[in-house]
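Working notes for the structure below.
The values are calculated or read from the model by the stated rules, or taken from the named source; none is laboratory data. What you see is a predicted model, and the numbers here were worked out from it, not measured in a lab. Positions of Cβ are backbone-derived with ideal geometry, glycine not excepted, and every protein chain shown enters the neighbour counts. Just the protein is used for accessible areas: all its heavy atoms, side chains included, with ligands, DNA and RNA removed. Shrake-Rupley method; radii C 1.70, N 1.55, O 1.52, S 1.80 Å.
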Amino acid sequence: MQEISHLINGEYVKGTSGRFTDVFNPATGEVQGKVPLASVEEVNAAVEKAAVAQRAWAATNPQRRARVFMKFGQLINENMDKLAEAVSREHGKTLPDARGDVQRGLEVVEVCMGLPSLLKGEYTDSAGPGIDLYSMRQPLGVVAGITPFNFPAMIPLWKMAPAIAAGNAMILKPSERTPSTSLMLAELFMEAGLPKGVLQVVHGDKEAVDAILDNETIQAVGFVGSTPIAQYIYGRAATNGKRAQCFGGAKNHMLIMPDADMEKAADALIGAGYGAAGERCMAISVAVPVGQETADRLIAALVPRIEKLKVGPYTAGDDVDYGPLITKQAMDRVLGLIDKGVEQGATLVTDGRNFKLQGYENGFFVGPTLFDNVTPDMEIYKQEIFGPVLSTVRAETYEDALNLVIDNEYGNGTAIFTADGDTARDFASRVNVGMVGINFPIPVPLSYYTFGGWKKSAFGDLNQYGPDAFRFYTKTKTVTARWFSGIKDGAALNFKPMD
Ligand code: NAD
């Protein structure tokens, strides 16, 4: 069995805390590795070394730093298949999906190649007599990234790339469920020229996270994960005087208007509801058809598509639609929620509870599940299921459907399928959700925009990646400079004694 290491100052280092956790092969249920869980001392030692490395990195001119990102991007491209395989091996998602995971992270690296422009300050010439005013963006120092299991390449890249581009050093604590991809990325980053110690990969659980939150050298924390942990981390980081941006869970709704292209809407729902086994913070987990007739047509379009879905291990080929859940606990929780949905009176249209795959009987698979007639008081509506379960809430009118989204406690993503521009505009303008799709089911913004939810899907005031990330990972210094009149007013041409 593989023992995974930390990556400190450019070297692989075994954990010394004596605590480990298992990394599973989700398709077979077997343990494939063990990952060390760092102690407070191990975290603090990594931070000390990062602080030393950060000073030299911040002093490296922006163009040279940009060149490291150019090479890093090239190396990610060259190693795309290896990285995707590492993602699939620990997460269980299909290889094409894993390539997308790497690709959407790579795109943030590409934006960081323009770091000299992104870090430019402002300048006001002659703000007063002989006075110029200018501001500069300076790095914070050592910052931390704490990431979830479900995007083992993309989200660590969303954290490390802008933070390091801005001249910081980063302590990255990836999910202990999917720890290996971060190590591979860190290796490639160093191969691209990143000095040792600027990126430290420290594995761990709550103990390591709390050590990060309490460490006085760490200036900022970028977190992505579930809402209760996001809220906890935001509170403790802020109390300790750190900047924090903490992105949490989601319950994303898709409205289907009577005039929507039903075939396209159904295709979109299948991809957004069941892709990656529903383990995406931008998954659509609630379909909201408007009108009974629309709902009936939607269910009729979904069922044959669901029946065709191929569920299996990523090794079974690129025609697999989705893989297993991450752990047995995750699988049991999803199965329990499906039971609860039935118990509370939702109509179970397709039942994924008894899914079994020959040769993979101990894998963490759940078959595609569709509920109809779900109501907001049911647990399957209230909780983020994070599994291949799509709930249909029938709405009588557009206003009812819109209000359902507005009243939901989460606000990560949402979508509307319609042929009517006026309805789409109204929806985009009035809905209180951070990312909106119009005839587009998973509206993850491209890397030169920014990503962030509203309400309980995010804590903090700036989004991740794009221009917001550069604001988050830098502080502004403003200089007011006055130069008194000098030699130009009276150059002395005569030879005269010193005053
Ligand atoms: P999680 O909250 O369990 O874990 C996220 C990170 O927090 C991990 O690194 C983990 O080690 C750490 N952690 C876990 N428990 C902790 C505790 N008690 N104290 C301190 N740290 C702790 O989340 P997950 O299961 O890895 O990821 C799935 C969740 O992430 C879902 O809710 C999903 O919606 C969310 N997510 C959100 C976004 C977004 O951008 N909004 C993106 C991806 C995933």
remark   = With no solvent term and unit scatterers on the alpha-carbon positions of the stretch 1-96, Debye gives log₁₀ I(q)/I(0) at q = 0.10, 0.13, 0.25 Å⁻¹ of -0.43, -0.71, -1.15
query = With the calculation restricted to Cα positions, what are the radius of gyration and Dmax of the stretch 44-121 in angstrom?
reply = 15.8, 44
Farthest positive-ward along the chain dipole, Cα basis, beta-carbon charges - from Gly141, Ala56, Ile229 = Ala56
query = What is the gain in length, in nm to one decimal, between Glu78 and Thr375 on full extension, counting 0.36 nm per residue of separation less the C-alpha to C-alpha distance?
reply = 102.1 nm
task = Mind pulling the angle between the C-alpha long axis of helix 95-112 and the longest principal axis of the chain? Nearest 10 degrees, somewhere in 0 to 90.
result = 20 degrees
request  = Any chance you could run the full-extension gain for Asp422 through Glu396? It's 0.36 nm times the residue separation minus the Cα-Cα distance, nm to one decimal.
outcome  = 7.5 nm
task = Would you work out the charge dipole size for the stretch 252-438 about its Cα centre, treating the Cβ of every Lys and Arg as +1 and the Cβ of every Asp and Glu as -1, and quote it to the nearest 20 debye?
result = 580 debye
ask   = Mean residue ellipticity at 222 nm from the helices of the chain, using -39,500 (n - 2.57) per DSSP H segment of n ≥ 4 over the full residue count, to the nearest 500 deg cm²/dmol?
value = -12000 deg cm²/dmol
inquiry  = Given points 7 Å out from each Cα along the Cα-Cβ axis, report the Asp351 to Asn494 separation in nanometres with one decimal.
reply    = 10.9 nm
inquiry  = For the stretch 105-128 and the stretch 194-228, what is the centre-to-centre distance using only Cα atoms, to the nearest Å?
reply    = 26 Å
request  = Could you state, as a whole-number percent, how many of the C-alpha pairs of the stretch 1-44 are farther apart than 16 Å?
outcome  = 42 percent
message = Can you compute the equivalent ellipsoid semi-axes for the chain, i.e. the square root of 5 times each eigenvalue of the Cα gyration tensor, sorted largest first and rounded to whole Å?
response = 45, 29, 19
remark   = The answer for the stretch 252-438, accessible area per residue at 1.4 Å probe in Å², is 39 Å²
message = Please give the charge dipole size of the stretch 93-216, origin at the Cα centre, charges +1 on K and R Cβ atoms and -1 on D and E Cβ atoms. Round to the nearest 20 debye.
response = 280 debye
key: Summed side-chain charge close to Ala38 - residues other than Ala38 whose Cβ falls under 12 Å, Lys, Arg +1, Asp, Glu -1   = -2
key: For the chain, with +1 on Lys and Arg beta carbons and -1 on Asp and Glu, the positive-most of Ile380, Phe484, Leu83 along the dipole   = Phe484
remark   = Expressed in angstrom and ordered largest first, the alpha-carbon extents of the stretch 383-425 along the principal axes are 33, 21, 20
query = Hey, what's the Kirkwood Rh for the stretch 211-300 if you take every pair of different alpha carbons, in angstrom?
reply = 15.6 Å
query = What dipole magnitude, in Debye to the nearest 20, does the chain give about its Cα centre under +1 on Lys/Arg Cβ and -1 on Asp/Glu Cβ?
reply = 1860 debye
Chain lengthening between Tyr134 and Trp483 when straightened (0.36 nm per residue, less Cα-Cα) = 124.2 nm
Convex hull (Cα only) mean projected area of the stretch 252-438, reported in nm² to one decimal = 10.0 nm²
remark   = Whole-Hz Karplus couplings 3J(HN,Hα) for the stretch 316-327, θ = phi - 60° and coefficients 6.51, -1.76, 1.60, Gly and Pro as x, run 7, x, 6, 8, 5, 8, 7, x, x, 7, 6, 9
